[in-house]
Amino acid sequence: MTMHESSFRQSLCNEKKRILLGITGGIAAYKVAELAHVLSQSAVAVQTVMTRSACQFITPLTFQSLTGNPVHTDLWESSASSSMAHINLSREVDVIMIAPASADFIAKLAHGIADDLLSTLCLARNCPLLIAPAMNRQMWENPATQRNLAILRNDGIRIIGPASGIQACGEIGMGRMVEPVELAEAITAFWQNKRLLSNKKIVITAGPTFEAIDPVRGLTNKSSGKMGYAIAQAAVEAGANVTLVSGPTGLTPPAVDKFVAVISANEMLAVVQHEIPSVDIFISVAAVADYRLATMNAQKIKKTNHNLTLELTPNPDILMAIATAQNPPFCVGFAAETENLLENAQAKRIKKRLPLMVANWAQNAIGSDDNELILLDDMGEHVLPRAPKIEQAKHLIKHISTFFKQ
Ligand code: C5P
């Protein structure tokens, strides 16, 4: 056993993990035999699924011999114990890793195409998906591939690599598959991360609230909900039990344990207060409207040529209500500011008695797919330089988990 194998085996503790290794058509497929070997030697149960083109580069027999399990290649294979093989295979594993992931397969994943066994079981999965892209550098740089990767990132799919260097075609650039040993390490890191918040119950608020003026109009703000949804996704991946309470957004919720859609700040407060007694962590990402109408108009307000005055009354501060109550959960706030970012965020942290406040510039954050965050806690400032929101969410979850180790 090599050093890597023994440390990999150690890191998996006593749990018998199950992985589905998906292999698509690329010359790097031959290197995945090494990964299958390392995994199988490390107390991991490996199921292998190969696409038709992968079989042109390396035979299924290689993986059958290395993993001790039959290799699946066909959606319609007559030997399958059940006609629902695509569902069963994806349900019986803790994680799916596609290596190498070709540009074509990435495009299929991004668009939900399910025209062979591997793409079908990826679409039918209810477990995390990791992919290790490998392709020619021009294919990697092509805007179509980059668009597809952005979709996958946004869907919470973890992309490992690619690396840069000499390619099989002789060209030099980005697109080499990450080496098998590094892929094994990435899987370990993923499993360790998954345990970061296991047994923890988290409530996350996200998106804007909408405060009705009359039956057809309302007050709201520009929050897209992307940051809150990314944090919910990262918390699920870290093994937490997650309730996501969301104002109106155009987003598809991640696979959380409970999703509650609300409209107004008062509705959000009621749901949060109902959930909070059994909760360990409350992350308030929602951009809650500060005011609502003093009295909502039951009928549509008629247009006139005169100025219209609306009387507004302050909304409850949900985070403050939770964080300053007796025995609060661990509370995390978000401060989006347009000026004096750190001073304002720090003042809110103190006023709302928060162990952790996340500061970000409103103009950078709102609607964008990436963001810079500054975490403020008793230890000081921790800067998370600009990166996709899902990456920032994972860093934040990791940071939060450190409070529970102490
Ligand atoms: O609006 P403000 O800048 O004070 O928001 C800071 C934090 O307080 C955010 O985490 C936000 O979700 C929360 N908040 C709240 N209820 C409000 C206003 C803000 O929970 N009415």
>> Go through (1) touching a strand residue (DSSP E or B) at 6+ places or on another chain (Cβ under 6 Å); (2) closer than 22 Å to LEU152 by Cα; (3) surrounded by fewer than 19 Cβ atoms within 10 Å (Cβ to Cβ) for THR252 and report which single condition fails.
In response: (1)
> In region 360-394, what residues are farther than 24 Å from PRO253 by Cα and surrounded by 13 or more Cβ atoms within 10 Å (Cβ to Cβ)?
Replying inline: TRP361, ILE374, LEU375, LEU376, ASP377, HIS382, LEU384
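Conditions tested, residue by residue: (1) modelled with pLDDT under 90; (2) out of contact with any helix residue (DSSP H, G or I) (no Cβ under 8 Å at 6 or more places or on another chain); (3) crowded, with 16+ Cβ neighbours inside 10 Å.
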{"site": "ASN148", "(1), (2), (3)": "no, no, yes"}
{"site": "ILE157", "(1), (2), (3)": "yes, no, yes"}
{"site": "ILE160", "(1), (2), (3)": "yes, no, yes"}
{"site": "ASN221", "(1), (2), (3)": "no, yes, yes"}
> In region 225-237, is there at least one residue being surrounded by fewer than 20 Cβ atoms within 10 Å (Cβ to Cβ), of a type outside the set (Val, Ile, Thr) and in contact with a Leu (Cβ under 7 Å, 6 or more places away or on another chain)?
Replying inline: no
>> If I ask for residues that are in a loop (DSSP other than H, G, I, E, B), of a type outside the set (Val, Ile, Thr), more than 8 Å from the ligand (Cβ to nearest atom) and out of contact with any Phe, Trp or Tyr (no Cβ under 8 Å at 6 or more places or on another chain), which ones from region 324-358 would you list?
In response: ALA325, GLN326, ASN327, GLU339, ASN340, ARG353, LEU354
>> What's the total number of residues in region 311-323 that are surrounded by 14 or more Cβ atoms within 10 Å (Cβ to Cβ) and either more than 8 Å from the ligand (Cβ to nearest atom) or part of a helix (DSSP H, G or I) (or both)?
In response: 7
> Taking region 257-296 as the search range and keeping residues that are free of Cβ contacts under 8 Å to residues at least 40 places away in the same chain and β-branched (Val, Ile, Thr), which one is farthest from ALA393 (Cα to Cα)?
Replying inline: THR295
>> If a residue must be out of contact with any Pro (no Cβ under 9 Å at 6 or more places or on another chain) and under 21 Å from LEU251 (Cα atoms), how many such residues does region 139-182 contain?
In response: 5
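The values are calculated or read from the model by the stated rules, or taken from the named source; none is laboratory data. Nothing here was measured: the structure is a model prediction, and the numbers come from that model. Neighbour counts are summed over all protein chains in view; Cβ atoms, including those assigned to glycine, are modelled from backbone coordinates with ideal geometry.
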